[in-house]
1. Which one, A220, A178, T203, projects farthest toward the positive side of the charge dipole computed for segment 171-280 from Cβ point charges (K/R +1, D/E -1)?
2. How large is the accessible surface of H261 in square angstrom, using a 1.4 angstrom probe and rounding to the nearest 10?
3. Please work out the FRET efficiency for the pair E95 and D75, using the Cβ-Cβ distance as r and a Förster radius of 30 Å; give the result to the nearest 0.05.
4. Using a 1.4 angstrom probe on the protein heavy atoms only, line up E163, E102 by accessible area, largest first.
5. May I ask which of K153/K272; K80/K243; K123/K232; K153/K243; K176/K243 have a Cα-Cα span longer than 19 Å here?
6. What is the Å³ per residue value for the convex hull set by the Cα atoms of segment 14-277?
7. Is the shape of segment 53-134 best called rounded, prolate or oblate, per the rule: a/c under 1.5 gives rounded, else a/b larger than b/c gives prolate, else oblate, with a ≥ b ≥ c the square roots of the Cα gyration tensor eigenvalues?
8. Give the shape of segment 183-281 as rounded, prolate or oblate, defined through the alpha-carbon gyration tensor: a ≥ b ≥ c are the square roots of its eigenvalues, a/c under 1.5 means rounded, and otherwise the shape is prolate if a/b is larger than b/c and oblate if not.
Amino acid sequence: MDDDKYPPETGRRRFVKGVVGSASLAGVGTAASTALTAATSKPGTTGGPTTYVGIRNTDGPAPRGMPLVPLTVDDDGYLKGIWPEPQDVELQSGETVTVAREEMGELTYSGRWFQYCGVQQAKGVQPTVEQDNYLRAAPGTFDWQDEMELGQKLHVDDFDDYETWGNGVGEAGLGKPAQATWRSQSGEDEDVTPLPVQVVRSTRVPELPAESQYTEFLNAATERGFIAWLDKCTHFCCVPEFKAEGSAKFGAQNQVYCQCHQSVYDPFSPTKRSFTALPRD
Ligand code: FES
């Protein structure tokens with residue numbers, strides 16, 4: 001069952017007429033041709049070559065960074081991930097498929113960024129599944145979140161002390177992290193695979209767009225010092241942690257550290273990488 005294949009339901013979707021040409025066969029070129037390649041590559045109509053921006057992998061066996069989750073802060077101060085706008089693409093065959101993809105700054109942001117480590121099976125990566133996109137607390141990783149309720153929406157005020165916060169690992173004042181889930185709300189009788197997300201608020205984040213070649217993208221993907229990523233190690237899918245216990249032994253006390261096999265990620269130097277996204281269920 002391919003959930004891509006159903007007729008347009010909402011006014012939010014755009015429609016892109018499919019084009020066929022050498023660019024689509026090469027998997028590069030215009031956004032439309034890239035989608036067409038993804039939609040027509042068999043098996044796995046919903047996966048394929050994908051370029052993304054993630055937090056940089058700096059050490060250990062992980063092959064690449066973890067993808068950013070672009071975010072915004074709503075008018076009431078709650079943190080909300082941005083899900084790409086679903087759009088319908090017509091294939092050469094006349095079949096219409098829906099993909100979650102939008103231009104963000106100088107990049108194409110796609111739901112395929114998150115299709116690895118089993119997350120491709122999550123309901124939340126389906127292009128049009130109804131979710132409110134708020135980042136919701138997943139206590140248990142950082143002590144300061146112990147008072148939070150599971151699923152509580154993260155709020156700017158929860159991070160008030162981000163300029164001084166520390167947990168005894170590495171330097172204090174580099175940023176305050178939280179563990180969250182995104183697009184993982186279940187219905188009454190649904191068992192939903194969660195999308196684990198880590199978010200950090202830091203004084204470093206507002207400096208990143210100017211330091212990066214992806215200035216417009218980072219301006220759109222970060223806000224008020226917050227940056228977030230899908231927290232699934234690209235090595236064997238563990239859940240890394242900013243300022244984790246035990247990370248100092250590996251020089252990672254001020255970084256994001258994976259306890260499983262000592263991969264290290266720098267949350268403050270986003271970089272572009274490519275991988276082959278796994279097809280969704
Ligand atoms: S380093 Fe192996 S799963 Fe993270």
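1. T203
2. Taking all protein chains as shown, H261 has close to 80 Å².
3. Details: r = 40 Å, r/R0 = 1.33.
Computed FRET efficiency for E95 and D75: 0.15.
4. On the way: E163 110, E102 35 Å².
Putting E163, E102 in descending order of accessible area: E163, E102.
5. Values: K153/K272 29 Å; K80/K243 23 Å; K123/K232 16 Å; K153/K243 23 Å; K176/K243 10 Å.
Correct reply: K153/K272; K80/K243; K153/K243.
6. Working: hull volume 35.1 nm³, N = 264.
So the per-residue hull volume is 133 Å³.
7. Working: a/c = 1.81, a/b = 1.21, b/c = 1.49.
It comes out oblate by the Cα gyration axes.
8. Numbers: a/c = 1.66, a/b = 1.19, b/c = 1.40.
It is oblate, given that a/c is not under 1.5 and a/b is not larger than b/c.
The values are calculated or read from the model by the stated rules, or taken from the named source; none is laboratory data. Being a predicted model, the structure only gives us computed values, none of them experimental. No Cβ is skipped: glycine too gets one built from the backbone with ideal geometry, and neighbour counts run over all protein chains shown. With ligands, DNA and RNA removed, areas are computed over all heavy atoms of the protein, side chains included. Shrake-Rupley method; radii C 1.70, N 1.55, O 1.52, S 1.80 Å.
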